[in-house]
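*Asks:* The structure under discussion is supplied below as structure tokens; questions concerning it will follow.
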Amino acid sequence: MSTSLEGYASSRRLPGDLAMWFFILAELSLFAILIIAFGVTQVLRYEQFSASRQLLDTSTGLALTLSLLTSGLFAALALQQVRQTRQRRGALLLLAALLSASVYVWLKLSEYAHLAGQGLGLEHNTFFTLYWLLTGFHFLHVLLGVVILGWMAERCRRRAYTPGSHSGLESGVLYWHMVDLVWVLLFPLVYVLN
Amino acid sequence: MTIMNPHLKFQSQAVAKPYFVFALMLFVGQILFGLIMGLQYVVGDFLFPLIPFNVARMVHTNLLIVWLLFGFMGAAYYLVPEEADRELHSPKLAIILFWVFAAAGVLTILGYLLVPYAGLAAMTGNELLPTMGREFLEQPTITKIGIVVVALGFLYNIGMTLLKGRKTTISMVMMTGLIGLAVFFLFSFYNPENLARDKYYWWFVVHLWVEGVWELIMGSMLAFVLIKITGVDREVIEKWLYVIIAMALITGILGTGHHFFWIGAPEVWLWVGSIFSAMEPVPFFAMVLFAFNMVSRRRREHPNRAASLWAMGTTVTAFLGAGVWGFLHTLAPVNYYTHGSQLTAAHGHLAFYGAYAMIVMTMISYAMPRLRGLGEAPDARAQTVEIWGFWLMTLSMVAITLFLTAAGVVQVWLQRMPADGAALSFMSTVDQLAVFFWLRLVAGVFFLIGLVCYLYSFRQRGRVPVAVAAAAA
């Protein structure tokens, strides 16, 4: 009994670096403030928010969500492969994650271009001010994530991560899951919920 | 000067000493002018027309900036050779630049005191490239050019040392901070006619210094001293440093928005400024956790207790002054009433003292005994006096902050909250605040006593060392 408990305890070790968890906590707090600001303003300016939301394309939002979630899945699978000493497969899965994230980047940039073309910029109204702030700040995180995924894929290919030592990979994947998580909250908040 | 100092890893680190000594001399000047101004708040014509209030204020704030710059440069000259594991590229250049910067600084301050400001502008040819007349950046254009020259020479010297030596996270963060400091200062040369635009660029210097790149300098100095006094693994300390600087930059750069609330900038800044600067306390809080965590995990008992106290003290005071007192009035709906009030002054005092004055004194406390050839630490008596100085200065500054905060709250109540017509005028409000200003002045006198204690601790240190140095040799 005690042995299995110990085994359980060791498998419950915090993956990645404690510093990364602290960073994620700080980042999530920042996003939480942004999300609360959006939610409260929606209550105060209900009409404007529901009218402006009609101008967003929900199917694009759904495609964005799927591409990001798929990327997160690939990253998680890559980590699993590395833990089983299959670095090459891990590297390929990280490349797949990178590709899927690039789809997100491309979709998001087209959406931005479309909205800017219609004159729905940062200063159009409060809804769009917050839309650009929330999604724009998140988008910067996605761009950083793309760089991290690429860097990790390269290190993985060079077998820099081993089952015994891959805390850097865990930290990177953790960051990427955070970016996923935030988008999963942003998508319904900004595109769907009225 | 050929005598070897056995307590320095590299002999060229010794160039830090004149920088630290001169920084502390200017610090004394800053406090004296602070006291003059503190008295002028309640006795309006004190020293008039010899030193008008606006001149005293200019000298007080300019001395602060210049002594901190001297402190940062001294810190860099001490820290970079040790981190790079080699001698400084050119100790001679460092000494020449010291004298150039010191002479320029002294002449500028004398100019402020002896010549009317408009006369100083005319004398120094301000009309050729007008940069004067803006708060904190009052220096004549020629002084500003001098600062750039000194900064370039300094960065060259430090940069060459780093390029040829070992590259560590600490020295890279320090270098990034110092380059940022020099780059953002360049905005002080751009002075658009339009006041709103002028304010944008002015904040690029002021805000991106103190809430951006200076935080990198502070973080790296703190990390360096913590490695030395705690013996904790560099790897652990560097990881914390990464998190701190990432958060400082994410929140600090966009946090600039909190200065664009009421200067005619677009409405989006109300959101950006409020939200991102609401998170600005986070990196300061991380520094508190960092310092206390490292000290509690220490692998050795460093004999310099005073340096440890400064290292922990600077993080707590910076968190309170920059983090908490900044947050108090950073949200746009609050700032609508509080901007430019005594609350701003309260925040400014505790933030500058806690984050920057104290980090420089942390470095001085750690490095000075070695620079003076006394060993790792001064004797127990000198440390006791230094610790008295620490508490007197810090508690006095907290008192100054609390009195100014009380003054600020009353000011907002009387001058900002009432409807037009019912609100008191600025000067009538100031009359109502006199009691707080008197109390602040008393706290200021205690601060000066603390500073005298602190300086006196250096004299005490001179006694023991002979034996210590002999033993070490």
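The values are calculated or read from the model by the stated rules, or taken from the named source; none is laboratory data. Computed from a predicted model, the values in this text were never measured in an experiment. Note that we place each Cβ from the backbone using ideal geometry, even for glycine, and neighbour counts take in every protein chain shown.
Rundown of residues vs (1) among the charged types (D, E, K, R); (2) touching a Lys or Arg at 6+ places or on another chain (Cβ under 7 Å), yes/no style:
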{"position": "B:Gly159", "(1), (2)": "no, no"}
{"position": "B:Leu163", "(1), (2)": "no, no"}
{"position": "B:Arg166", "(1), (2)": "yes, no"}
{"position": "B:Ser171", "(1), (2)": "no, no"}
{"position": "B:Met174", "(1), (2)": "no, no"}
{"position": "B:Val183", "(1), (2)": "no, no"}
{"position": "B:Tyr190", "(1), (2)": "no, no"}
{"position": "B:Trp202", "(1), (2)": "no, yes"}
{"position": "B:His207", "(1), (2)": "no, no"}
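*Asks:* Name the residue that is farthest from A:Phe23 (Cα to Cα), counting only residues in segment B:190-242 that are without any contact (Cβ under 8 Å) to a residue 24 or more places away in the chain and among the basic types (Lys, Arg).
*Replies:* B:Arg197
*Asks:* For B:Pro283, indicate whether it is assigned to a loop (DSSP other than H, G, I, E, B) and within 14 Å of chain A (Cβ to nearest Cβ).
*Replies:* Judged against the criteria, B:Pro283 is not a match.
*Asks:* I'd like to verify a number: residues in segment A:77-91 that are surrounded by 16 or more Cβ atoms within 10 Å (Cβ to Cβ) and touching a residue at least 40 places away in the same chain (Cβ under 8 Å), how many?
*Replies:* The number of residues fulfilling the criteria is 7.
*Asks:* If B:Ala332 satisfies every condition in (1) out of contact with any Leu (no Cβ under 8 Å at 6 or more places or on another chain); (2) within 14 Å of chain A (Cβ to nearest Cβ); (3) at pLDDT 95 or above but one, which is the exception?
*Replies:* Among (1) out of contact with any Leu (no Cβ under 8 Å at 6 or more places or on another chain); (2) within 14 Å of chain A (Cβ to nearest Cβ); (3) at pLDDT 95 or above, B:Ala332 violates only (1).
*Asks:* Sticking with this structure for a sec: Can you name the number of the only condition in (1) without any contact (Cβ under 8 Å) to a residue 60 or more places away in the chain; (2) in contact with a Phe, Trp or Tyr (Cβ under 8 Å, 6 or more places away or on another chain); (3) within 30 Å of B:Lys9 (Cβ to Cβ) that B:Glu82 fails?
*Replies:* (1)
*Asks:* I'd like to check something: does segment B:264-273 contain any residue that is in a helix (DSSP H, G or I), under 21 Å from B:Phe352 (Cα atoms), within 12 Å of another protein chain (Cβ to nearest Cβ) and modelled with pLDDT of 95 or more?
*Replies:* The answer is yes, given that some residue of segment B:264-273 is in a helix (DSSP H, G or I), under 21 Å from B:Phe352 (Cα atoms), within 12 Å of another protein chain (Cβ to nearest Cβ) and modelled with pLDDT of 95 or more.
*Asks:* In addition: What is the number of the single condition among (1) in a loop (DSSP other than H, G, I, E, B); (2) within 19 Å of A:Glu170 (Cα to Cα); (3) not charged (D, E, K, R) that A:His124 does not meet?
*Replies:* (2)
*Asks:* Just one of (1) basic (Lys, Arg); (2) at pLDDT 95 or above; (3) farther than 30 Å from B:Ala307 by Cβ trips up B:Lys228, so point out which.
*Replies:* (3) is the only condition that B:Lys228 fails.
*Asks:* Hey, can you tell me all the residues within segment B:1-34 that are within 21 Å of B:Asp85 (Cβ to Cβ) and in a helix (DSSP H, G or I)?
*Replies:* Across segment B:1-34, the qualifying residues are B:Gln11, B:Ser12, B:Gln13, B:Ala14, B:Val15, B:Ala16, B:Lys17.
*Asks:* Condition (residue is in contact with a Lys or Arg (Cβ under 9 Å, 6 or more places away or on another chain), modelled with pLDDT of 95 or more and within 24 Å of A:Glu123 (Cβ to Cβ)) applied to segment B:238-259: is it met by at least one residue?
*Replies:* Yes - at least one qualifying residue is present in segment B:238-259.
*Asks:* From the set of residues in segment B:293-310 that are more than 22 Å from the chain's Cα centre (by Cα) and under 26 Å from B:Gly326 (Cβ atoms), which is nearest to the other protein chains (Cβ to nearest Cβ)?
*Replies:* Going through the qualifying residues, I end up with B:Asn293.
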